[in-house]
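Contents: one structure, followed by commentary.
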Amino acid sequence: MPERVDPRNLPSGYSPAFIQLSDGLVCVADATVRDSGWLEFTEWSGTTGLVPPRDCGRVKFIATELVEDALRRRIADADIRAEYGPEGEVSR
């Protein structure tokens, strides 16, 4: 079972993003656009997947920041961190 991603302590190299899909806007823990145009993503639940170019609209990456008292990165927006954190309402 994949490990849940915490927006207060992002793994190295993760780029959280909002993705426009055919069924609506989705926020993911990590998004990478491949050279082929396919979008590789990791959900907050830790599940990974791929989206073909025809099913993916805009990708808006979310700002992150370094936490000074520790060597970790987190989502800069406190509201987004709270919504997608371990106690948040959204499981995807």
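Could you say which residue among ALA29, ALA82 is within 19 Å of VAL5 (Cβ to Cβ), of a type outside the set (D, E, K, R) and modelled with pLDDT of 95 or more?
ALA29
Under 7 Å between Cβ atoms, at least 6 apart or on separate chains: pull out the pairs that start in the stretch 1-29 with a residue that is aliphatic (A, V, I, L, M) and end on any residue that is in a loop (DSSP other than H, G, I, E, B) and at pLDDT below 90.
So the pair list comes out as VAL26/ARG92.
Take the conditions out of contact with any strand residue (DSSP E or B) (no Cβ under 8 Å at 6 or more places or on another chain), surrounded by 12 or more Cβ atoms within 10 Å (Cβ to Cβ) and without any contact (Cβ under 8 Å) to a residue 40 or more places away in the chain and apply them to ALA82. Does it pass?
Yes: the conditions hold for ALA82.
Show me the strands (runs of 3 or more DSSP E) entirely contained within the chain in which 3 or more residues are touching a Phe, Trp or Tyr at 6+ places or on another chain (Cβ under 9 Å). Reasoning before the result, please.
Numbers: elements: 17-21, 24-28, 30-33, 39-42, 48-51, 56-61, 64-67, 72-75.
Output list reads 17-21, 24-28, 30-33, 48-51, 56-61.
Please find, within the stretch 48-69, the residue that is farthest from ASN9 (Cα to Cα) out of those that are surrounded by 15 or more Cβ atoms within 10 Å (Cβ to Cβ) and touching a Pro at 6+ places or on another chain (Cβ under 8 Å). Walk me through how you get there before you give the answer.
Let us first name the residues in the stretch 48-69 that are surrounded by 15 or more Cβ atoms within 10 Å (Cβ to Cβ), namely 51, 56, 59, 62, 64.
From what's left, touching a Pro at 6+ places or on another chain (Cβ under 8 Å): 62, 64.
Numbers: ILE62: 14, THR64: 10 Å.
Selected residue: ILE62.
The values are calculated or read from the model by the stated rules, or taken from the named source; none is laboratory data. What you see is a predicted model; the values in this text were computed from it and never measured. Cβ sites come from the backbone with ideal geometry, for glycine too, and all protein chains shown count toward neighbours.
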